[in-house]
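Heads up, the thing below is written out as structure tokens.
All of the numbers you see were taken from the coordinates with simple rules; none came from a lab. Everything numeric here is computed off the predicted structure, so don't read it as measured data. All Cβ positions, glycine included, derive from the backbone under ideal geometry; neighbour counts span all protein chains shown.
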Amino acid sequence: MPPKKRNGNQRPLGLLLAASRTKVERSIEQQREAIEAEFGGPTELLPRGHADFFTRMDASNVDDVPLTGLSQEDLAVICKGDGGRGTNRTAVQMYLRDRLARAAQPDEAGAKEEKRAKLREDGELDLEFPDDDDAAREAKWREALVDPASFELNMGRDDFLERTGGGGRAFWDQLRRERQDAMVADAKARDEVRSSQRDSTPTDFYHPDDYKNEHDGQVPFGNPSGVRGDYWGWGDARCEAIFEVLLEKMSKEEWALFGTEFIEIAWTDGMSREMKLRGLMDTLSRCLTVAAETTRVHIMIAKEKLEAELRKERDEKLAAEASARRAPLAELNGDAAPA
């Protein structure tokens, strides 16, 4: 008889666990900052019937997306490669699905609305302005935040969001950048922009010996300024001539020396950071992966051989024990025959 299915608490579709929600929120925050820095503000949402309605949803406006009329199936169209902004469209989809799942829970939604009503009654949501349209609401927010005599906003973002009930995050960020730009423009007009006059030298992670003669083709990067400021890449057409010369002219001993010098130079702390910036760590990681897989195969082969030897030894031992048990019986039978 099959076991009965246990009745446990079923999480609503789309609702994230606490750990997953933290990771998604961290991704949303990072993407929001990147999008607003690149495009100068949050992405404008489009009407529900527009063909790009879902692709215009991204980390910069995900908190302002209206959930009315949306379903979990509708949000499935938000995915990697859909044309929307941001580096992790899956995080945007998961965040919206979580919002939708939480909004659909009567108890939680009722508790939130009850809490919001209590805050309104106590006058703590004095910047919510629920009856105003976006333009009127933002005009009132600007009046509350901007002090003409100062370039600093009158309140921090957290205090502002508490008084608006959670809305207006993107507006506060945009207004802060606007005031910072105004401060810089004012300082330039008064010729008070501070700039450093200190001489600086760019950080250099190349091995000192590479600069004895930068045209002598030393490893690992050969002639950095003459070829290009990058590592030699196998399969790169720009480095094809270099490898042709090396393969033709270098002996096995010279190749061994080449590899030794490469490791001595590349595996220093400073040079490792330089190689990581140049992308060579991708190649090294693939090499380490191959080495790890090779080691695993060798271990499994050795394990199989060891098990075979152990089985052979066990069989020999069992055979010897069986022979020892059969000998007395034969002797007994031999003694009994003459009688």
What is the distance in Å between the Cα centres of the range 13-39 and the range 102-166?
22
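Just check the range 7-88 against the gyration tensor rule for me: Cα atoms, a ≥ b ≥ c as the square roots of the eigenvalues, rounded for a/c under 1.5, and otherwise prolate or oblate depending on whether a/b exceeds b/c. All intermediate terms of the calculation are to be shown ahead of the outcome.
Numbers: a/c = 2.27, a/b = 1.33, b/c = 1.70.
Judged from the Cα gyration tensor, the range 7-88 comes out oblate (a/c at least 1.5, b/c at or above a/b).
Take the cross-link list Lys23/Lys118; Lys115/Lys140; Lys23/Lys303; Lys23/Lys115; Lys23/Lys140; Lys252/Lys303 and give me the ones stretching past 29 Å between alpha-carbons.
Details: Lys23/Lys118 31 Å; Lys115/Lys140 24 Å; Lys23/Lys303 40 Å; Lys23/Lys115 27 Å; Lys23/Lys140 34 Å; Lys252/Lys303 34 Å.
Too far apart for the 29 Å limit: Lys23/Lys118; Lys23/Lys303; Lys23/Lys140; Lys252/Lys303.
What FRET efficiency, computed as 1/(1 + (r/R0)^6) with R0 = 45 Å and r the Cβ-Cβ distance, is obtained for Leu318 and Arg296, rounded to the nearest 0.05? If you can, show how the numbers build up before the last one.
Numbers: r = 33 Å, r/R0 = 0.72.
Between Leu318 and Arg296 the formula returns 0.90.
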Per the charge dipole of the range 6-115 (beta-carbon charges, Lys/Arg positive, Asp/Glu negative, Cα centre), the residue among Cys79, Leu46, Gly14 reaching farthest to the positive end is Gly14
At 7 Å along the Cα-to-beta-carbon direction for both Glu25 and Glu113, put a label point, then send me their distance in nm to one decimal.
2.4
